[in-house]
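Engineer: Below is one structure. I have some questions about it.
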Amino acid sequence: MGIKPIDLQTLFVKMGEVGKEQSHIKEQAALQQAQAANSQVTREMADDRKVTEAPEDTETEKIKDNESEETPEGEKHKRNENEKDDENDSKVEIVTDPDVGRHIDLSG
């Protein structure tokens, strides 16, 4: 089945429309990518303008703890801990061998 001249006439007329469709299909991917990039830029700009709450720092709590230790109440607390440590140390009996390090066993 061959192509008749009348078919060629209709094909030539529609050739411009087909070309436009093909170019739109090729440009569609680029346009989608450009739109996605544009929307991302606008989101980032909106995020830059927002004020976010900073997370609580643990270092500020450490500073507060150190300040409480410097107060007289904190010093009293330290003294009580030191006294308890001294009591524990006096209860512990340390046994030492006076011959440690003086005799060398060569038979081993």
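Bear in mind these aren't lab numbers, they're just calculated from the coordinates by the rules spelled out. As the structure is a computational prediction, the values presented were derived from the model and not from experiment. Please note: Cβ atoms are built from the backbone with ideal geometry, for glycine as well, and neighbour counts cover all protein chains shown.
Engineer: Suppose the chain between K91 and E53 were pulled fully straight at 0.36 nm per residue; how much longer would it get relative to their current alpha carbon spacing?
Structural biologist: Once the chain is fully extended between K91 and E53, it gains 8.4 nm.
Engineer: Follow-up. Once you put a point 7 Å from the Cα of D99 and another 7 Å from the Cα of N38, both along the Cβ direction, what distance in nm separates them?
Structural biologist: The answer from the label model is 9.5 nm.
Engineer: For I6 and A30, FRET efficiency with R0 = 35 Å and r from the beta-carbon atoms, rounded to 0.05?
Structural biologist: 0.40
Engineer: In whole Hz, with x marking every Gly and Pro, tabulate ³J(HN,Hα) for the stretch 12-29 from phi via Karplus 6.51 cos²θ - 1.76 cosθ + 1.60, θ = phi - 60°.
Structural biologist: 5, 5, 7, 4, x, 5, 5, x, 5, 4, 5, 5, 5, 5, 5, 7, 4, 5
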